[in-house]
Structures are given as structure tokens and as C-alpha cells.
Amino acid sequence: MGLGRTAKYYRENPEARKKHQITSKKWNQSEDGKSYKKAKNSTPSEKAKQKSRVEARSKFKNIPEGYVVDHKKPLAKGGSNDKSNLRVVSAKVNNTKNKK
């Protein structure tokens, strides 16, 4: 089986391959690269939770730093992302609530 076009190109242009490797390494170590990798490797349930958080957060504008959107009745207990079930609370209060 022959080489693919990319492999053939990099064999013929080793300096281009080295440049690509350096750029990839920098990106993978950046915050964007880390979050991409985390999202890519997350389970379907983690992806569903993230989608739910984004959906809930989109119902509010200008949430101050250090505050989060909280579900009055948790999704796990049958709550919804309806605005009537959401409130903005400090992250500290929300973390305390989760430990109950």
C-alpha cells in the first residue's frame, strides 16, 4: 500500500513537518487545545450536561463573574431548563448546595 499524500509531502519536506509539529504542540498545550481535547474525549452524558449548562446560561444575559446559573429543581430529579426553574447564584452558594 502506498503512502498517503500528506505522508509523502512530509517525507519530501521535513522542515514543513517540523514546523507543523511545533505548531500542533503549542496549540495542544494552549487552553483552547486542552478544552477541545477534553470535549472530544468526554462521554455522551458529559456532553449532554454541557449542552444543558449552555442552554440554561443562554436564558440570562450579563451574568457577573463568580456567579452561575442554578436549577431550583435539579435536572437529575426531573427539573427542566425552563427559566422558571433557573436562578443566578454565586458559585460558592451553588457548590455548597451540591454537597447536600
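The values are calculated or read from the model by the stated rules, or taken from the named source; none is laboratory data. Since we're looking at a predicted model, the values are computed, not measured. Glycine also receives a Cβ, built like all others from the backbone with ideal geometry; neighbour counts cover every protein chain displayed. Side chains are part of the model used for accessible areas, which takes the heavy atoms of the whole protein and leaves out ligands, DNA and RNA. Shrake-Rupley method; radii C 1.70, N 1.55, O 1.52, S 1.80 Å.
Points to keep in mind about this one:
- Checklist (1) at negative phi; (2) over 13 Å from the mean Cα position of the chain (by Cα); (3) among the small types (Gly, Ala, Ser) applied to SER42, failing item: (2)
- Residues (hydrophobic (A, V, I, L, M, F, W, C) and open to solvent by 80 Å² or more (accessible area, probe 1.4 Å)) located in segment 45-66: VAL54
- Options GLU15, GLU65: the member that is over 16 Å from the mean Cα position of the chain (by Cα), of a type outside the set (A, V, I, L, M) and closer than 21 Å to ASN95 by Cβ: GLU65
- Residues within segment 27-44 that are polar (S, T, N, Q), open to solvent by 70 Å² or more (accessible area, probe 1.4 Å) and either modelled with pLDDT of 85 or more or touching an Asp or Glu at 6+ places or on another chain (Cβ under 9 Å) (or both), tallied: 2
- Residue that is nearest to the chain's Cα centre (by Cα) [pool: residues in segment 83-100 that are under 19 Å from ALA48 (Cβ atoms) and surrounded by 12 or more Cβ atoms within 10 Å (Cβ to Cβ)]: LEU86
- Pairs with Cβ under 6 Å, 6+ apart, first in segment 1-25 and under 27 Å from LYS37 (Cα atoms) and of a type outside the set (A, V, I, L, M), second part of a helix (DSSP H, G or I) and open to solvent by 80 Å² or more (accessible area, probe 1.4 Å): TYR10/ARG17
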